[in-house]
Amino acid sequence: MPKDQGIGASPKRREDVRFLTGAGNYTDDINVNGQAYVHFLRADVAHATINSIDTSAAETMPGVVKVFTGADFAEVGGIPCGWGVTDRHGNPQQEPRHPIIADGTIRHVGEIVAAVVADTLEQARDAAEAIELDLSDKPAVVNMAAALAEDAAKVHEDLTSNLCYDWVFGNPDDDAVQAAFDSAAHVTTLELVNNRLVANPMEPRVAIGEYTRGTDEYTLHTTSQNPHVIRLLMCAFVLGLPEHKVRVIAPDVGGGFGSKIFHYAEEAFCTFAAKACGRAVKWTSTRAEAFISDAHGRDHVTKIELALDADNNFTALRTNTMANMGAYLSTFSTSVPSYLHGTLMAGNYKTPIVQVNVKTVFTNTVPVDAYRGAGRPEATFQLERVIDKAARELGADPIALRRQNFITEFPYETPVALTYDTGDYVATMDKLEEVADIAGFAARRAESEKNGKLRGFGVNCYIEACGIAPSNIVGMLGARAGLYDAATVRVNATGTISVFVGAHSHGQGHETSFPQVVADMIGIDESMVDIVHGDTGRVPFGMGTYGSRSIAVCGSAMVRATEKIISKAKKIAAHLMEASDADIELKDGQFTVAGTDKSVAWGDVTLTAYVPHNYPLEELEPGLEETAFYDPANFTYPSGAYACEVEVDPDTGKVTIERFAAADDFGNIINPMIVDGQVHGGLGQGIGQALLENAAYDEDGQLLSASFMDYAMPRADDVPFYQVDHTCQTPCTHNPLGVKGCGEAGAIGSPPAVVNAVIDALQSGGKSVTHIDMPLSPARVWAAMNG
Amino acid sequence: MYEFEFEKPSTVAEAVAALADEDAQALGGGQTLIPTLKQRLAMPSKLVSLTGIAQLKELSDNAGMLTIGGAVTHAEAAEAAAGPYPALADLASHIGDPAVRNRGTIGGSLANNDPAACYPAAALGSGATIVTSRREITADDYFRGLFETALEEGEIITAVRFPVPQKANYQKFEQPASRFALVGVFVAKYAAGVRVAVTGASEEGVFRWREAEAALDASFAPDALDGLSLDAGGMIGDLHGTKEYRAHLAAVVTRWAVAAAA
């Protein structure tokens, strides 16, 4: 019988009770006494010089507290970029100033041009309409290839060009790489687009800045995945405030998917304006604003080449990518197409030579940054698509070709800097074949054909680098932050426990899974343990949640802190039982002396820690509270194999996903139900990218898909019932729980399987289609079939 | 939204009087107008709600003529049409989502004449009569292009009269994001002939596909459409499909509708 508590059990998510009954506390639910509201006047053109801004009429409008323009922020810093990439020539990336409010030039539709703070939101909007802008339009730079042309208009006049960096990774020797291609028996080449996406969490961003004059303290309530990171960036780089005077609170957050990692102008604005106005200042994004102010994701244009020998062994891989940065460098933007992308290009395969070239490009579009998977989906998509194309060109079975080239011995040092500690790609592929019922595919295809539909089967593998990240390694690679995490375990006198964690839960179910670990270690009921997260005033300095890192990094810190608790508790128990602490055992919440029938309960020990009457005070401090910081020794490497089965209607080009199977290796698993949910959600987003979502700009830099009327989010009826299996488990070798992380896998591993399946379907129908760029909308599929 | 006056009259005459003010705007279920106001894309001086007028909520089914009041919601219309005119009921029950169907009205939809809306296809495909506060307008005369109709300032749709056909069906291929009709086709077979109305596809809004009607007059079967195609010129081309794709889809969807009706 499965356990109903502790590690490996699937208790229902305790936080869902409040989310589903309207008792959540989201940032917009917070209202501060006397708060004013800000409305941002946003640019409706992509590129223009601001000749003048006349706010005089707006300032006299009813209810207006203060009107801000770029000039008000001349004395503060710009939004910083958290990662400095060194280019192929040893030069730093080009890094333009990223002002809080546009500073003489508008560089993307949605950029803040002015801000009106008023008693009510409607008054602020009314006043914003009275602001007079005198603009001179400049040519918009939208297309990346055009942006890199010699005579291209520049997004930033003070930079040398629109190139942020030109980066090479893996084998830097162009001639050696070319020689490998020259001597190949077969080369497969594929040009593709990884489509730009808008994260669209259900909860739009919100920020409330507060200032307390008496103590000179600030509080920022914000929709963030990492409140300590926001505090550090905003205080140290933007506003120049002492960190100890600033508290950042991210309460319940309704989804992030990466888009709430970054420090945004609106957060710094509300904090700054709270002092300037003498009032709390609140901003709630509308959905329309979210489309043009939340950082976008993906947007790569790639050419990938795979060389194979006569026996179909992969001998070399070369990839050239242009990655869109948008108009400014968002917090982790430059790391995504470089170190979160290039390092993954070996995939699950023992290709000996890998060369990755990435050019990052400034354009007059919304900044682009991490979105669920962040660089790893872009790597996986191109690699797994080119392998599939190679298999078709060679007449090889796509699964057999992959199996033949799998890495099978661990640890494995890739040609792109990573060391995979553990994995078993054969086992996950075996499991996939079973779960996906490949044996039954022929019969299902025949049935579809009877109904006039084309049925296709597509498979792909993935590897990701999660548990981000070893601080010393990422520091060498340009990270301007450490990526450890922290936890404080505070045991109360009566034995209940609050765990203060640096990770932030915004859909991941930490409030359920983290207590499972602590309760399991001590042997007490889970209901005795809660976690506290999302408040720099309460939790230790942690780095937040992204990169599938929470359980692997913060969970490890929590384990270390709990180990310290247990160690101290054993000393107290030893004192109470007049035994040596080396002989004390803890099981099911009872301390016993080995080989005797003596025991004391957890609650007796915790009470003693806080009521230390019978206590070794000369050797041991009273109390029971411990903190641990944990910096991982390596990344973790979740991996898996996914299979998608589609039907294509040849009359309309409409693709229907009939089956989707996932076999993942996440190492050890704390709560299998939550892991299922994480994979389901990731698959939904991956399928959304593959079939539906597209942030499309026109040549003037206007976002064409700027609302849900044109931006197609996946809905329940767009996805099938999934077959998800994670029984293949090769535990991580370097963290105490043996966990790898599961948050991004679904989004990383699913787009290539969908596209591979559609190509398979079309080719089964006699169409000579070898590639279609995502999203595979009905119109695009039909055009490809009839092209 | 901007400030506006609000009136909720109980008779058509009161509503007409209320709409006489400059920049007054009729409000049906508000499924288009309210979001437009929220985005500050319209600035009416006054909204005149039509949903309190009993006459506009009337439904009748007499001698092959189904009459639906202008303020009848899609959900109410679906229920009323289920017996007498199942194809119309089916169309009404697949507009938008439950919230839209419980608020949006047939009069509002036809007055707005969104080029991707479903009701215009039913009205034109059925040869319906649009009854207004001033006159009766045949569907053939009513639709004038994108968001353009024969309605004059202050004129209110009080009812729509649908002659019930022998056979009919509506099929739509949905735009992936909005789930409006990328192309929708209403096919109806009357004693006097077949009518085929296409929505979603044309830059001129809903239109009749005369060639298909003629072919289906001869034989009301999908095969009758073999070889027929629409000219891509004049079709809508956008993010969700080229002109050629829409022209192609219109033929495919017409075939579906005929197959379902026959």
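Being over 30 Å from residue A:353 (Cβ atoms) and either assigned to a loop (DSSP other than H, G, I, E, B) or in contact with a Leu (Cβ under 9 Å, 6 or more places away or on another chain) (or both) is the filter here, so list the residues in the stretch A:284-306 that pass it.
Passing the criteria: A:284, A:285, A:286, A:291, A:292, A:294, A:295, A:296.
Within the stretch A:640-656, take every residue that is among the hydrophobic types (A, V, I, L, M, F, W, C) and either in a loop (DSSP other than H, G, I, E, B) or closer than 11 Å to residue A:750 by Cβ (or both) and give me the one that is nearest to the other protein chains (Cβ to nearest Cβ).
A:644
Need the failing condition index for residue A:758 against (1) assigned to a loop (DSSP other than H, G, I, E, B); (2) buried (at least 24 other Cβ atoms within 10 Å of the Cβ); (3) away from chain B (no Cβ under 11 Å), just the number.
Here residue A:758 clears every test but (1).
Please specify each residue of the stretch A:597-630 satisfying the condition of being small (Gly, Ala, Ser) and within 39 Å of the chain's Cα centre (by Cα).
Across the stretch A:597-630, the qualifying residues are A:623, A:628.
For residue A:318, are the conditions met, namely being over 30 Å from residue A:102 (Cα atoms) and buried (at least 24 other Cβ atoms within 10 Å of the Cβ)? Walk me through how you get there before you give the answer.
Details: over 30 Å from residue A:102 (Cα atoms): yes; buried (at least 24 other Cβ atoms within 10 Å of the Cβ): yes.
Against the criterion (over 30 Å from residue A:102 (Cα atoms) and buried (at least 24 other Cβ atoms within 10 Å of the Cβ)), residue A:318 qualifies.
Which numbered condition trips up residue A:746, out of (1) within 13 Å of chain B (Cβ to nearest Cβ); (2) open to solvent by less than 40 Å² (accessible area, probe 1.4 Å)?
It fails just one condition, (1).
Could you check how many residues of the stretch A:671-713 are open to solvent by less than 30 Å² (accessible area, probe 1.4 Å), more than 22 Å from the chain's Cα centre (by Cα) and within 14 Å of chain B (Cβ to nearest Cβ)?
Within the stretch A:671-713, residues that are open to solvent by less than 30 Å² (accessible area, probe 1.4 Å), more than 22 Å from the chain's Cα centre (by Cα) and within 14 Å of chain B (Cβ to nearest Cβ) number 2.
Among what's in the stretch B:6-47 and is touching a Phe, Trp or Tyr at 6+ places or on another chain (Cβ under 8 Å) and open to solvent by less than 30 Å² (accessible area, probe 1.4 Å), pick the residue that is modelled with the lowest pLDDT.
Among them, the one singled out is B:40.
In the stretch A:472-499, what residues are open to solvent by less than 10 Å² (accessible area, probe 1.4 Å) and touching a Lys or Arg at 6+ places or on another chain (Cβ under 6 Å)?
Selection gives nothing.
With respect to the numbered conditions (1) within 10 Å of chain B (Cβ to nearest Cβ); (2) touching a residue at least 40 places away in the same chain (Cβ under 8 Å); (3) of a type in the set (D, E, K, R), which one is the sole condition not fulfilled by residue A:659?
Condition not satisfied by residue A:659: (1).
Checking residue A:735 against (1) away from every other protein chain (no Cβ under 12 Å); (2) in contact with a Lys or Arg (Cβ under 9 Å, 6 or more places away or on another chain), only one condition comes out false. Which one?
Of the numbered conditions (1) away from every other protein chain (no Cβ under 12 Å); (2) in contact with a Lys or Arg (Cβ under 9 Å, 6 or more places away or on another chain), the odd one out for residue A:735 is (2).
Given A:303, A:260, A:282, which one is more than 20 Å from the chain's Cα centre (by Cα) and crowded, with 24+ Cβ neighbours inside 10 Å?
A:282
Out of all the residues in the stretch B:193-204, which are open to solvent by less than 20 Å² (accessible area, probe 1.4 Å), away from chain A (no Cβ under 14 Å) and either in contact with a helix residue (DSSP H, G or I) (Cβ under 7 Å, 6 or more places away or on another chain) or at pLDDT below 95 (or both)?
Passing the criteria: B:193, B:194, B:196, B:197, B:198, B:199.
Quick one: in the stretch A:140-162, of everything that is open to solvent by 50 Å² or more (accessible area, probe 1.4 Å) and within 33 Å of the chain's Cα centre (by Cα), which residue is nearest to the other protein chains (Cβ to nearest Cβ)?
This residue is A:143.
Just name the residue that is nearest to residue B:216 (Cα to Cα) out of those in the stretch B:160-192 that are at the interface with chain A (Cβ under 9 Å from one of its Cβ atoms) and of a type in the set (A, V, I, L, M, F, W, C).
The extreme case among them is B:173.
With the requirement that a residue be open to solvent by less than 10 Å² (accessible area, probe 1.4 Å) and over 20 Å from the mean Cα position of the chain (by Cα), what does the stretch A:334-356 give you?
Matches in the stretch A:334-356: A:346, A:348, A:349, A:351, A:354, A:356.
Anything in the stretch A:168-195 that is open to solvent by 20 Å² or more (accessible area, probe 1.4 Å), under 15 Å from residue A:351 (Cβ atoms), polar (S, T, N, Q) and under 33 Å from the mean Cα position of the chain (by Cα)? List them, or say none.
A:171 - this is the single residue of the stretch A:168-195 that is open to solvent by 20 Å² or more (accessible area, probe 1.4 Å), under 15 Å from residue A:351 (Cβ atoms), polar (S, T, N, Q) and under 33 Å from the mean Cα position of the chain (by Cα).
For residues that are out of contact with any Ser or Thr (no Cβ under 8 Å at 6 or more places or on another chain) and of a type in the set (Val, Ile, Thr), scanning just the stretch A:415-445, find the one that is nearest to residue A:170 (Cα to Cα).
Going through the qualifying residues, I end up with A:419.
Restricting to the stretch B:20-58, name every residue that is in contact (Cβ under 8 Å) with a residue 60 or more places away in the chain, within 30 Å of residue A:288 (Cβ to Cβ) and more than 21 Å from the chain's Cα centre (by Cα).
Listed by number, the list holds a single entry, B:24.
Please verify whether residue A:130 is at pLDDT 95 or above and touching a Phe, Trp or Tyr at 6+ places or on another chain (Cβ under 8 Å), treating the condition exactly as stated.
No; evaluated as a whole, the condition is false for this residue.
Would you be able to tell me the number of residues in the stretch A:657-670 that are assigned to a loop (DSSP other than H, G, I, E, B) and either hydrophobic (A, V, I, L, M, F, W, C) or within 18 Å of the chain's Cα centre (by Cα) (or both)?
3
Say we look at the stretch B:231-256 and pick out the residues that are open to solvent by 50 Å² or more (accessible area, probe 1.4 Å) and among the hydrophobic types (A, V, I, L, M, F, W, C); which of these is farthest from the other protein chains (Cβ to nearest Cβ)?
B:256
Is it the case that residue A:717 is open to solvent by 10 Å² or more (accessible area, probe 1.4 Å), free of Cβ contacts under 8 Å to residues at least 24 places away in the same chain and in a helix (DSSP H, G or I)?
On the way: open to solvent by 10 Å² or more (accessible area, probe 1.4 Å): yes; free of Cβ contacts under 8 Å to residues at least 24 places away in the same chain: yes; in a helix (DSSP H, G or I): yes.
Considered against the rule, which asks whether it is open to solvent by 10 Å² or more (accessible area, probe 1.4 Å), free of Cβ contacts under 8 Å to residues at least 24 places away in the same chain and in a helix (DSSP H, G or I), residue A:717 comes out as yes.
The values are calculated or read from the model by the stated rules, or taken from the named source; none is laboratory data. Fair warning: this is a prediction, and the values are worked out from it, not measured in the lab. Please note: Cβ atoms are built from the backbone with ideal geometry, for glycine as well, and neighbour counts cover all protein chains shown. The protein model used for the area step is the full one, side chains on, heavy atoms only, and it has no ligands, DNA or RNA in it. Shrake-Rupley method; radii C 1.70, N 1.55, O 1.52, S 1.80 Å.
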